[in-house]
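Enquirer: Got a structure here, written out as structure tokens. Questions coming.
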Amino acid sequence: MRIRPFVPNDIPAIATIVRDALRENYPTSLYLDIHRWWRDGFLIAEVNGHPIGFLAAVISSDGQARILMFAVSSGWRRQGIGRQMMDAFIQSCVMRGIRRIELEVRVSNEEAIRFYKRYGFELTTVLPKFYTDGEDGYKMLKQF
Ligand SMILES: CC(C)(COP(=O)(O)OP(=O)(O)OC[C@H]1O[C@@H](n2cnc3c(N)ncnc32)[C@H](O)[C@@H]1OP(=O)(O)O)[C@@H](O)C(=O)NCCC(=O)NCCS
């Protein structure tokens, strides 16, 4: 397994992970835009040349990082791949002088919330009906 920067050829594999793990469907242009905004904030975990997970983040106008998507293919979870991607991402933030990371997570997503808490993210506010299916979200924030 290795962590490397995203390249546009990854889009079909990532779109499959997004459909399965995040239950969303995004246009190709979204991935290209994220890539253009901040190359070091878009990371791929690959095994034998095939993407099995990714983390995509942008830098918001006030200079903090925002994780937009983060997922590992279901068959590859609980093996430390998410941890390695998050470690690499935090390293990218440090290199850019970023000391604040925010993200949103479904209130029902206990596994991800536990994962983020271990990384020092704290629950801040509830975002009513944040998701397209009507579920509430939590905003989580890490400062370091
Ligand atoms: C959140 C997510 C990305 C984490 O990825 P992951 O690769 O499973 O993460 P890790 O393996 O590093 O850690 C997950 C758990 O496995 C455990 N783990 C890590 N290595 C392990 C190993 N070798 N054996 C057993 N357990 C292990 C970790 O301790 C952690 O447990 P905990 O959450 O109960 O504390 C993944 O669960 C996922 O894709 N979820 C669906 C999409 C999603 O919800 N994304 C977040 C949206 S905001």
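Values quoted throughout were computed directly from the atomic coordinates according to the rules given, and no laboratory measurement underlies them. These numbers were taken from a predicted model, which means no experiment stands behind them. Don't worry about glycine lacking a Cβ; one is built from the backbone with ideal geometry, like all the others, and counts go over all protein chains shown.
Enquirer: Residue 121 - would you say it is of a type outside the set (A, V, I, L, M), out of contact with any Gly (no Cβ under 8 Å at 6 or more places or on another chain), over 20 Å from residue 21 (Cα atoms) and surrounded by 13 or more Cβ atoms within 10 Å (Cβ to Cβ)?
Expert: The answer is yes for residue 121.
Enquirer: On to the next question. For residue 34, all conditions in the list (1) without any contact (Cβ under 8 Å) to a residue 60 or more places away in the chain; (2) closer than 21 Å to residue 9 by Cβ; (3) within 11 Å of the ligand (Cβ to nearest atom); (4) of a type in the set (Val, Ile, Thr) hold save one; what is the number of the exception?
Expert: Checking residue 34 against (1) without any contact (Cβ under 8 Å) to a residue 60 or more places away in the chain; (2) closer than 21 Å to residue 9 by Cβ; (3) within 11 Å of the ligand (Cβ to nearest atom); (4) of a type in the set (Val, Ile, Thr), the one that fails is (3).
Enquirer: Name the single residue that is surrounded by the fewest Cβ atoms within 10 Å (Cβ to Cβ) among those in region 73-91 being more than 27 Å from residue 143 (Cβ to Cβ) and more than 6 Å from the ligand (Cβ to nearest atom).
Expert: By that ranking, first place goes to 75.
Enquirer: Which pairs have Cβ atoms under 8 Å, sit 6 or more apart or on different chains, and link a residue in region 74-92 that is closer than 18 Å to residue 37 by Cα to one that is surrounded by fewer than 13 Cβ atoms within 10 Å (Cβ to Cβ)?
Expert: Partner pairs satisfying both residue conditions: 90/144.
Enquirer: Could you please give the count of residues in region 8-24 that are at negative phi and within 15 Å of the ligand (Cβ to nearest atom)?
Expert: 11
Enquirer: Related question: Mind listing whichever residues of region 100-144 are under 21 Å from residue 60 (Cβ atoms), within 11 Å of the ligand (Cβ to nearest atom) and aliphatic (A, V, I, L, M)?
Expert: 103, 105, 112, 140 - these are the residues of region 100-144 that are under 21 Å from residue 60 (Cβ atoms), within 11 Å of the ligand (Cβ to nearest atom) and aliphatic (A, V, I, L, M).
Enquirer: Please count how many residues of region 104-133 are assigned to a loop (DSSP other than H, G, I, E, B) and either free of Cβ contacts under 8 Å to residues at least 24 places away in the same chain or more than 17 Å from residue 86 (Cβ to Cβ) (or both).
Expert: The total comes to 10.
Enquirer: Which of the following residues is surrounded by fewer than 16 Cβ atoms within 10 Å (Cβ to Cβ) and in contact with a strand residue (DSSP E or B) (Cβ under 6 Å, 6 or more places away or on another chain): 55, 22?
Expert: The conditions single out 22.
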